[in-house]
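A short worksheet on the structure shown next.
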Amino acid sequence: MAKYLIKATIAVDGIVEKHDIIGALFGQTEGLLGNEFDLRVLQDKGRVGRILVNTRVQGNKTVGEILIPSNL
């Protein structure tokens, strides 16, 4: 069970898949806070749980929420 839950809202022009959002999240955070806070490393160590993405399409936009359980 995670101690914290990180929530982020997203809005994207166009229609995107959940796996593309997760890939963008990993790509945009890579090297941002140094190696000790790399998402891949934190997931391997069990400090960050499975990233959940809930999306819906509104017109020509994809909107939704990203949920990241964390023990940091």
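Numbers for the structure displayed
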quantity: Residue in the range 57-66 that is surrounded by 11 or more Cβ atoms within 10 Å (Cβ to Cβ), of a type in the set (Lys, Arg) and at pLDDT 95 or above present; calculated: yes
quantity: Selection within the range 1-56 - part of a helix (DSSP H, G or I), of a type outside the set (D, E, K, R) and open to solvent by 80 Å² or more (accessible area, probe 1.4 Å); calculated: His19, Gln28, Asn35, Phe37
quantity: Leading residue by the ranking (farthest from Tyr4 (Cα to Cα)) among those in the range 21-64 that are touching a Pro at 6+ places or on another chain (Cβ under 9 Å) and of a type outside the set (A, V, I, L, M, F, W, C); calculated: Arg50
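The values are calculated or read from the model by the stated rules, or taken from the named source; none is laboratory data. Keep in mind the model is a prediction, meaning the values are calculated, not measured. Virtual Cβ from ideal backbone geometry, glycine too; neighbours counted across all protein chains shown. Accessible surface areas use protein heavy atoms only, side chains included; no ligands, DNA or RNA. Shrake-Rupley method; radii C 1.70, N 1.55, O 1.52, S 1.80 Å.
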